[in-house]
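First the structure, in the form of structure tokens, and then the observations on it.
The values are calculated or read from the model by the stated rules, or taken from the named source; none is laboratory data. From a predicted model like this one, the values you see are computed outputs, not experimental measurements. Positions of Cβ are backbone-derived with ideal geometry, glycine not excepted, and every protein chain shown enters the neighbour counts. Side chains included, ligands, DNA and RNA excluded: accessible areas come from the protein's heavy atoms. Shrake-Rupley method; radii C 1.70, N 1.55, O 1.52, S 1.80 Å.
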Amino acid sequence: MKLDKDILIPAELEINPWTYLDIVLKYEHYLKLIKYFGGYMFIQQIYKFSSKSEHQTFDDVHAMEKNKLLKIINVNNNKYVLLTHTSIKYLKNKSNVAHLQKPTSTQLKSSCLLAEYIDEPKEFFDSSKPYVWFLEKCKTELQKYKIDSAADMEFLNKNKGKVKSIKSEEIKSLEFKDAFSLLNTSKIYFDTFENGVVTFIFLDFERSKSWIYNALLEKIEPIFRSLSIYNSYNIKILTMNENRKERLIKDESKMNRKGLLFLKDIHIINLNTDRFFQSIVQKESFLKDIDKLEIATLQEKLRNNVKGGKNE
């Protein structure tokens, strides 16, 4: 592995030097990946993002467990990993950090749904993403205007009063305090922006149609009234099984849309993530419901049949 710069091992982190080197040389990309999804992640989903083979990734995960960089925890048929104190100190470059607690059911399901849906975590979780296109467009058109090139004057005239407010939102996004980042606490995420249309991701945890409606009306519609650089929005609701998808489709068809001025479409997507949480099914003997007297009777009949067969 070629290093771009020398490795300096900070003594103040109180991480074993050999462990620190292992992180830098072998495991840093895994730790950053797991951090994106909350500090916990199913091993099967780590395979999806790893550039290595499943066998190599499996070996790396267990080597990280041995080095106490993560814990492996069973959930029925599957396993997820949890970052340890050492990993968090490395990622935050601070010695005084809290231990990561085991996720709640909702937190683990959220991580699972997002990991199943997302292809590029770094891009998806870029908090400045909703604003970059607008500020880059302004910069490009202003540069064209300065050199008397064919600038988009309609865009510049329409948006000259909005640059300051959008720049302010981008600055707040660094601390996840902007309008889009604040939606994350309700498990609503910015996904894409194309041709003036924003797509949002809703994570479904038995959401009722009234919850969805109120979230749109009270949390999303105000963004489009105040940040009018966006024309409208679509919603994708990510759910865990086909039955739930069918129920949501029925609910969505009956949902109140009064006041939802900017909503275009709602799409329901089943990611089939229930498979990560299913119980191990034990195969039980067909005799489990037969009492001892019945078993004795069956055994006697079998013995008699065997004897009868020998006499014939």
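Positive contributions from Lys and Arg (+1) and negative ones from Asp and Glu (-1), summed over other residues with Cβ under 10 Å from the Cβ of Ser95, come out at +1. Farthest towards the positive end of the charge dipole of the chain, among the residues Thr57, Phe205, Leu113, is the Cα of Phe205, using unit charges on the Cβ of Lys, Arg, Asp and Glu. Sequentially through the range 192-197, phi angles give Karplus couplings (6.51, -1.76, 1.60; θ = phi - 60°) of 9, 9, 8, 6, x, 10 Hz, Gly and Pro residues having no value and appearing as x. Using all alpha carbons of the chain, what is the percent of pairwise distances in each 20 Å bin, ordered from the shortest bin to the longest? Distribution as computed: 24, 43, 23, 7, 3, 0 percent. With all projection directions averaged, the alpha carbon convex hull of the range 36-80 covers 3.3 nm². With a bin width of 10 angstrom, please list the P(r) values of the range 1-148 as percents of all Cα-Cα pairs, from the 0 bin to the one holding the largest distance. Percent of Cα pairs in each bin: 10, 34, 30, 15, 8, 3, 0.
The Cβ shell under 14 Å around Asn77 holds other residues with a net charge of +1, Lys and Arg each +1, Asp and Glu each -1.
If you restrict to DSSP beta bridges whose two residues both lie in the chain, what percentage is antiparallel, to the nearest 5? Intermediate values should be presented prior to the final figure.
Numbers: 15 of 28 bridges.
Bridges in the chain are about 55 percent antiparallel.
Counting Lys and Arg as +1 and Asp and Glu as -1 over every other residue whose Cβ lies under 15 Å from the Cβ of Met64, the net charge comes to +4. Within the listed set Met153, Met64, Met41, the residue fluctuating most in the Gaussian network model of the chain (springs between alpha-carbon atoms under 10 angstrom) is Met153.
Taking 0.36 nm per residue of sequence separation and removing the Cα-Cα distance, the Ser95/Trp211 pair yields an extension gain of 37.7 nm. Over the range 193-256, the alpha carbon radius of gyration divided by the compact-protein estimate 2.2 N^0.38 Å works out to 1.20. Residues whose amide H lies under 5 Å from that of Val198, counting only those 5 or more places away or on a different chain, are Asn231, Ser232, Tyr233, Asn234; hydrogens are built 1.01 Å from N in the peptide plane. Over the Cα atoms of the range 178-217, the radius of gyration divided by the Kirkwood radius equals 0.99; this is the Rg/Rh ratio. Each residue was assigned an accessible area with a 1.4 Å probe, and for Glu218 the value is about 120 Å². Between Lys164 and Leu302, the simple label model (points 7 Å from Cα in the Cβ direction) yields a spacing of 8.9 nm. Spatially, the range 51-119 and the range 146-176 are offset by 39 Å when compared through their Cα centroids. Highest GNM mean-square fluctuation among Gly38, Gly259, Gly161, for the chain modelled with Cα contacts below 10 Å: Gly161.
Our coupling estimate for the range 74-88, obtained by passing each phi through the Karplus curve with A = 6.51, B = -1.76, C = 1.60 and θ = phi - 60°, is 7, 10, 6, 7, 10, 10, 10, 10, 10, 5, 8, 4, 4, 5, 5 Hz, Gly and Pro reported as x.
A Förster radius of 30 Å, combined with the Cβ-Cβ distance separating Asp152 from Lys177, puts the computed FRET efficiency at roughly 0.45.
Can you tell me what the convex hull of the Cα atoms of the range 149-291 projects to on average, as an area in nm²? Walk me through the numbers before you get to the answer.
Values: hull surface 55.6 nm².
Directional mean of the projected Cα hull area for the range 149-291 stands at 13.9 nm².
Tell me, rounded to the nearest percent, the portion of alpha carbon pairs in the range 118-180 spaced more than 15 Å apart.
Working: 1110 of 1953 pairs.
When every Cα pair of the range 118-180 is considered, 57 percent fall beyond 15 Å.
A 1.4 Å probe over all protein chains sorts Leu174, Leu25, Leu217, Leu238 by accessible area into Leu174, Leu25, Leu217, Leu238, starting with the largest.
The share of C-alpha pairs in the range 80-231 whose separation exceeds 29 Å stands at 32 percent.
For Glu252, Glu136, Glu12, Glu154, the ranking by accessible surface with the largest value first comes to Glu154, Glu12, Glu136, Glu252, using a 1.4 Å probe.
Remark: the chain carries a charge dipole of roughly 500 debye about the Cα centre, counting +1 on each Lys and Arg Cβ and -1 on each Asp and Glu Cβ.
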